[in-house]
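The values are calculated or read from the model by the stated rules, or taken from the named source; none is laboratory data. Because the structure is predicted, anything quoted here is derived from the model rather than measured. Backbone-built Cβ (ideal geometry, glycine too); neighbour counts: all protein chains shown. The area values use the complete protein model at the heavy-atom level, side chains included, leaving out ligands, DNA and RNA. Shrake-Rupley method; radii C 1.70, N 1.55, O 1.52, S 1.80 Å.
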Amino acid sequence: MAILKVARLGHPVLRQAAKPVPSGEITSPSIQRLIDDMIDTMHEYDGVGIAAPQVHQSWQLAVIEVAHNPRYPQAPEIPLTVLINPEITARSETTRTGWEGCLSVEGLRGQVPRSEQLSARWLDRKGRPVQAEVQGFFAVVIQHEVDHLQGRVYLDRMADLTTLTHLQEYERFWLRPDEPEDD
Ligand SMILES: [Zn+2]
């Protein structure tokens, strides 16, 4: 069990396309330990997801979980999900624009348009294939994490950079308590 160091924007590992995890290595002690450490690191920093490149490991691997999260108090719950070699196979034309932050882009939030629904497939931590139709906040988080595995961050997806804000100013000027945060 370990809390891993998080790569920050500017580190080249965040801009590289990650390698697929060979199926024979998924259950290896080193990949299983990396998954456990990524889960611990996500919990430590109150992330809703973290991708392996964010912990300096250029593998197509990400973990997602939303229990009660102080960084995203209004986010619906998402069970712990391990995505290995994920692929988005279809995306809806309809998009939703919501606030995103990133552990590698510390202290900032910005509005990002994302597909409302998607189809995806991946392998779980035992190497079993998963196929899922996903919508809403879960779909947003999958798109954010899959972007990391392709060397992209949410800033690349923003349609309007004038919404980019520091967290303190986000709370002061942008957050409306009567408005769901991710709508
Ligand atoms: Zn991120």
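Which value in nm describes the separation of the simple spin-label points at Thr162 and Gln150, placed 7 Å from the Cα toward the beta carbon?
For Thr162 paired with Gln150, the spin-label model returns 2.8 nm.
Can you tell me, using C-alpha contacts under 8 Å and at least 6 residues apart, the relative contact order of the chain as a whole percent?
Relative CO of the chain lands at 23 percent.
Could you sort the peptides 125-134, 140-149, 36-45 by per-residue average Cβ neighbour count (10 Å cutoff), highest mean leading?
140-149, 36-45, 125-134
I need the calculated FRET efficiency for the pair Arg128 and Arg172, taking r as the beta carbon distance and R₀ as 45 Å, to the nearest 0.05.
Using R0 = 45 Å, I get an efficiency of 0.50.
What does the accessible area per residue of the chain come to in Å², with a 1.4 Å probe and no ligands, DNA or RNA counted?
51
Would you work out what percent of the accessible area of the range 82-146, with all protein chains in place, is carbon or sulfur (probe 1.4 Å)?
Accessible surface attributable to carbon and sulfur in the range 82-146 totals 47 percent.
If you look at just the Cα atoms of the range 1-140, how large are its Rg and its Dmax in Å?
14.7, 41
State log₁₀ I(q)/I(0) for the range 106-168 at q = 0.16, 0.17, 0.21 Å⁻¹ as given by the Debye formula over alpha-carbon point scatterers of equal weight, solvent excluded.
Ignoring solvent entirely, the Cα scatterers give -0.63, -0.69, -0.92.
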